[in-house]
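> I have a structure here, written as structure tokens, and I will follow up with some questions on it.
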Amino acid sequence: KVDNQHIDLAIIEIESQDHFLGNGLILGNSDALKRLDEIAVLGYPNYNFGDSGFFSIGVINAFRAIGGVNHILVSNTLVEGNSGGPAFNNQGEVIGVVVTGSSTFETASKTEKHGLIPINVLHLLLTK
């Protein structure tokens, strides 16, 4: 396990013989992203037992440092339960991890911080 409280991200290695993810997800290059690029986010917003996942399509609105950490701000409505979920570019590559949003769909319009940590930040965690 590798974590970083400033980046708000942890990497957990799972050793398994059944390979439930097949070959896994493909990492993209978050440095290549630009404003208005299409993205998709997968997660379980406001999860209750038995809920299915939620797939949301949006675009990149901006790039901003929040608390000294670069974030990708998106048009997708992100709420609790999306956190930790992957964000994909239009080639299906993971380009970020959801870290900020709102507590509920009802309060989602009151924040601009619907955001992702760029996937390239993983290199900072893995090189320690």
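> Every residue in the range 73-96 that is touching a helix residue (DSSP H, G or I) at 6+ places or on another chain (Cβ under 7 Å) and not small (Gly, Ala, Ser), please.
Thr77, Val79, Val94, Ile95
> Quick one: how many residues across the range 24-52 are small (Gly, Ala, Ser) and either within 12 Å of Val94 (Cα to Cα) or within 14 Å of the chain's Cα centre (by Cα) (or both)?
Qualifying residue count, the range 24-52: 5.
> Within the bounds of the range 75-96, is there any residue that is modelled with pLDDT under 85, open to solvent by 40 Å² or more (accessible area, probe 1.4 Å), within 14 Å of the chain's Cα centre (by Cα) and of a type in the set (S, T, N, Q)?
Within the range 75-96, the subset modelled with pLDDT under 85 is 76-84.
With open to solvent by 40 Å² or more (accessible area, probe 1.4 Å) added as a condition, the list becomes 77, 80, 83-84.
Now restrict to residues that are within 14 Å of the chain's Cα centre (by Cα): 77, 80, 83-84.
Add one more test, that the residue is of a type in the set (S, T, N, Q), and what stays is 77, 83.
Within the range 75-96, one or more residues are modelled with pLDDT under 85, open to solvent by 40 Å² or more (accessible area, probe 1.4 Å), within 14 Å of the chain's Cα centre (by Cα) and of a type in the set (S, T, N, Q).
> Give the number of residues within the range 49-74 that are loosely packed, with under 12 Cβ neighbours inside 10 Å and touching a residue at least 60 places away in the same chain (Cβ under 8 Å).
So the answer is 2.
> Pick from the range 40-63 the residues that are under 16 Å from Val99 (Cβ atoms) and either touching a Gly at 6+ places or on another chain (Cβ under 8 Å) or hydroxyl-bearing (Ser, Thr, Tyr) (or both): which of them is modelled with the highest pLDDT?
Looking at the filtered set, the residue picked out is Val41.
The values are calculated or read from the model by the stated rules, or taken from the named source; none is laboratory data. From a predicted model like this one, the values you see are computed outputs, not experimental measurements. No Cβ is skipped: glycine too gets one built from the backbone with ideal geometry, and neighbour counts run over all protein chains shown. The accessibility values were calculated without ligands, DNA or RNA, using every heavy atom of the protein model including side chains. Shrake-Rupley method; radii C 1.70, N 1.55, O 1.52, S 1.80 Å.
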